[in-house]
Amino acid sequence: MFAAAIKACLYLSTILLLGAGVFAYFFDDTPRKLLSRRMLLIGSSLGALLLALVSLADLIYVLYDLLGAFDFVTFWDFLRSTNHGRAVSVRLILLMGLTLLIALARPTIWSKQAFLVLGLGLVTSFSTISHGASMSGSSLFIADLIHFVAAAAWAGPLLYLALSHSWETNPTAYQIALKQVSKVGLLSVIALFMSGLFMSFSYMTEPASFLSSNYGFSLLAKTGMVLIIVSIATYNRFALMPKLLDSQTILAFRETVRWEASLLCLVFILTGALTTRALPHQVNDVLDPFSNFLNFFHFLWR
């Protein structure tokens, strides 16, 4: 349970940090005025601070879980000599760079490129120590990277929109902002489901044992939550957004956006539980998502 809580905090703090950058650099001028630069700076700084602290706490927990004890000499050796330790070291450097960039750099082509490079590096520090990276081949690592990038691109700016307070005074700006988030959300949902299916079927050599495992249960719970969020986002896009300038509709939209953001946070909590579950996968099992998909299809219809 403690390990799952650490993972959830890692993901949520990353979304808080990256979401501020996405909002600052990739939104148009009009929706960018919905949040003050001070609020974005507070959000990014808080996300960076939490990410740094929880990343170190994660290392300490892993070390204590392995050895049953903790001392700074062993911790320093673990930080320098293991993949996990090196990934955290790089992550700490990147999050400091991202925080300084968001605080100091105005939106330009160079600052946008710098944010993309630093942000991708930050996400890579997670994917290099993921389930997929610990197994053979690079395809699972790439799928995990795409999965996290898509989630951050969707959840980050949505979270900041949910935290804003100008809904009744500036509905036009929200209409523009939400159209942009909607476009990103559509691409993100496609990427999330494609990469998620690829990773799931890569691990699913035995459908019965997979679905009955703790990992399978967590995955089903996460998938169900994402489907609920997609339903809310679809309702927002096609039912409420065309009437957004109406005073009553803008309040309804605010509530559904806040629900959507809250449920996305819950998805990251479930993801934390998912990544700490043992994979129902044997060392000699073949990582072939297509063959495993056919096995799953036969399992459903037998």
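Yes/no matrix, rows are residues, columns are (1) under 18 Å from residue 8 (Cβ atoms); (2) among the basic types (Lys, Arg); (3) surrounded by fewer than 23 Cβ atoms within 10 Å (Cβ to Cβ):
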residue	(1), (2), (3)
20	no, no, no
24	no, no, no
34	no, no, yes
40	no, no, yes
44	no, no, no
48	yes, no, no
68	no, no, yes
Restricting to the range 98-128, name every residue that is surrounded by fewer than 17 Cβ atoms within 10 Å (Cβ to Cβ), of a type in the set (Gly, Ala, Ser) and assigned to a helix (DSSP H, G or I). 103, 121
Anything in the range 213-224 that is within 20 Å of residue 298 (Cα to Cα) and in contact (Cβ under 8 Å) with a residue 12 or more places away in the chain? List them, or say none. 213, 216
Every listed condition ((1) within 16 Å of the chain's Cα centre (by Cα); (2) surrounded by 18 or more Cβ atoms within 10 Å (Cβ to Cβ); (3) under 20 Å from residue 265 (Cβ atoms)) holds for residue 233 save (1)
Has the range 198-209 got at least one residue that is hydrophobic (A, V, I, L, M, F, W, C), out of contact with any strand residue (DSSP E or B) (no Cβ under 7 Å at 6 or more places or on another chain), outside any helix (DSSP H, G or I) and within 17 Å of residue 274 (Cβ to Cβ)? yes
All-but-one check, residue 125 against (1) over 20 Å from residue 225 (Cβ atoms); (2) over 15 Å from the mean Cα position of the chain (by Cα); (3) among the small types (Gly, Ala, Ser), failing number (2)
Given 297, 253, which one is loosely packed, with under 15 Cβ neighbours inside 10 Å, aromatic (Phe, Trp, Tyr), modelled with pLDDT under 80 and part of a helix (DSSP H, G or I)? 297
Before we move on, is residue 80 closer than 30 Å to residue 166 by Cα, part of a helix (DSSP H, G or I) and basic (Lys, Arg)? no
Evaluation of residue 102 against (1) closer than 21 Å to residue 177 by Cα; (2) among the β-branched types (Val, Ile, Thr); (3) without any contact (Cβ under 8 Å) to a residue 40 or more places away in the chain (one fails), failing number: (3)
Any residue at all in the range 168-176 that's under 17 Å from the mean Cα position of the chain (by Cα) and either in contact (Cβ under 8 Å) with a residue 40 or more places away in the chain or under 28 Å from residue 8 (Cβ atoms) (or both)? no
Could you say whether any residue in the range 25-41 is touching a helix residue (DSSP H, G or I) at 6+ places or on another chain (Cβ under 8 Å), within 18 Å of residue 91 (Cα to Cα) and touching a residue at least 40 places away in the same chain (Cβ under 8 Å)? no
Test set (1) part of a helix (DSSP H, G or I); (2) under 30 Å from residue 34 (Cβ atoms); (3) among the hydroxyl-bearing types (Ser, Thr, Tyr); (4) at pLDDT below 85 - residue 160 fails condition number: (4)
Exactly one of 112, 183 is within 27 Å of residue 227 (Cα to Cα) and among the basic types (Lys, Arg), and that one is 183
Report whether or not residue 56 is touching a residue at least 40 places away in the same chain (Cβ under 8 Å) and part of a helix (DSSP H, G or I). no
Could you grab me the full set of residues in the range 105-114 that are closer than 20 Å to residue 48 by Cα, among the polar types (S, T, N, Q) and free of Cβ contacts under 8 Å to residues at least 12 places away in the same chain? 113
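The values are calculated or read from the model by the stated rules, or taken from the named source; none is laboratory data. Computed from a prediction, not measured in an experiment: that's the story for all the values here. Virtual Cβ from ideal backbone geometry, glycine too; neighbours counted across all protein chains shown.
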